[in-house]
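Chemist: My structure is below; once you've seen it, I'll send some questions.
We did not get these values from a lab; they are worked out from the coordinates using the rules stated. All figures in this text were calculated on a predicted structure; none of them were measured in a lab. Cβ atoms come from the backbone with ideal geometry, glycine included; neighbour counts cover every protein chain shown.
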Amino acid sequence: MGKFDGRVVLITGGARGQGRSHALAFAREGADVAFCDIAAQLDSVPYPMSRSADLDETTKLVEELDRRCVGVTADVRDGAQVRAFVERAVTELGRVDFLLANAGIFSSPAMEVGGNGITVNAVCPTGVDTTMIQNPAAYALFLPDTENPTREDAAPAFQSLNAIPVPWIEPIDISNAMVFLCSDEARYITGETLAVAAGATAANAG
């Protein structure tokens with residue numbers, strides 16, 4: 001028996017990285033999964049973004065855990081596409097129990113929805129070991145005076161942000177926090193911000 005047997009999680013930005021990690025973590029706990037991703041490159045983003053092959057891979061990995069999965073190409077900046085994604089998720093999976101806004105911001109203040117038994121929380125990480133920080137543009141931001149900095153070059157700079165001596169954390173560390181906040185163990189936690197940040201918040205306070 002999993003924590004989320006018979007339930008459905010909806011994830012934005014689920015094709016790879018943290019989003020894929022969340023999808024698999026919830027599937028391992030028994031949830032069916034619906035996720036969307038833009039699966040295309042934006043000119044304003046300086047690192048390679050997800051592609052349709054990534055979306056297909058996440059779907060395959062969830063289904064290998066014997067869970068149903070609906071993967072949709074959608075841009076969360078487009079309200080019509082988001083609505084179509086949610087409608088398809090409900091049509092194919094029957095319900096939505098959890099929303100993980102891994103890409104885009106869904107505005108549902110805790111005070112407004114608490115009366116309906118809905119909890120709303122935020123998870124704020126330090127750097128997470130995904131393409132979002134593991135790319136030349138991010139390395140150059142931390143090491144502007146180093147020519148063609150590498151992952152190894154950048155690691156000490158990333159580590160300097162954290163109280164715990166690690167340069168970055170893993171996607172599963174964020175997924176574990178998401179699973180907890182959506183579980184019955186966290187049923188009375190709402191309106192909170194959980195920093196999964198290797199002490200970065202404390203290290204940079206003041």
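Chemist: Given 43, 54, 32, 37, which one is within 18 Å of residue 129 (Cβ to Cβ) and acidic (Asp, Glu)?
Modeler: 54
Chemist: Tell me whether segment 62-71 contains one or more residues that are surrounded by fewer than 13 Cβ atoms within 10 Å (Cβ to Cβ), without any contact (Cβ under 8 Å) to a residue 60 or more places away in the chain and more than 24 Å from residue 29 (Cβ to Cβ).
Modeler: No; the residues of segment 62-71 include none that is surrounded by fewer than 13 Cβ atoms within 10 Å (Cβ to Cβ), without any contact (Cβ under 8 Å) to a residue 60 or more places away in the chain and more than 24 Å from residue 29 (Cβ to Cβ).
Chemist: Given the options 20, 77, 83, 28, name the one that is under 18 Å from the mean Cα position of the chain (by Cα), among the charged types (D, E, K, R) and farther than 15 Å from residue 9 by Cβ.
Modeler: Every option except 77 fails the conditions.
Chemist: For segment 163-171, check the following and say yes or no: at least one residue is surrounded by 15 or more Cβ atoms within 10 Å (Cβ to Cβ), part of a helix (DSSP H, G or I) and among the β-branched types (Val, Ile, Thr).
Modeler: So far as segment 163-171 goes, no, none of its residues is surrounded by 15 or more Cβ atoms within 10 Å (Cβ to Cβ), part of a helix (DSSP H, G or I) and among the β-branched types (Val, Ile, Thr).
Chemist: Among 154, 195, 101, which is the only one that is in contact with a Cys (Cβ under 8 Å, 6 or more places away or on another chain) and of a type in the set (Gly, Ala, Ser)?
Modeler: Going through 154, 195, 101 in turn, just one is in contact with a Cys (Cβ under 8 Å, 6 or more places away or on another chain) and of a type in the set (Gly, Ala, Ser): 195.
Chemist: Does segment 10-25 contain at least one residue that is of a type in the set (Ser, Thr, Tyr), farther than 24 Å from residue 183 by Cβ, surrounded by 15 or more Cβ atoms within 10 Å (Cβ to Cβ) and out of contact with any Pro (no Cβ under 9 Å at 6 or more places or on another chain)?
Modeler: Within segment 10-25 (the criterion being of a type in the set (Ser, Thr, Tyr), farther than 24 Å from residue 183 by Cβ, surrounded by 15 or more Cβ atoms within 10 Å (Cβ to Cβ) and out of contact with any Pro (no Cβ under 9 Å at 6 or more places or on another chain)), the answer is no, since none of the residues qualifies.
Chemist: Hey, another quick one. Return the residues of segment 79-113 that are farther than 29 Å from residue 172 by Cβ and surrounded by 14 or more Cβ atoms within 10 Å (Cβ to Cβ); say none if nothing qualifies.
Modeler: 84
Chemist: I'm trying to understand the selection: among the residues of segment 78-117, which are among the aliphatic types (A, V, I, L, M) and in contact (Cβ under 8 Å) with a residue 40 or more places away in the chain?
Modeler: 82, 86, 89, 93, 96, 99, 100, 101, 103, 110, 111
Chemist: Output the residue which, of all residues in segment 114-154 that are under 30 Å from residue 185 (Cβ atoms) and of a type in the set (Gly, Ala, Ser), is surrounded by the most Cβ atoms within 10 Å (Cβ to Cβ).
Modeler: Step by step, filter segment 114-154, then rank; the result is 127.
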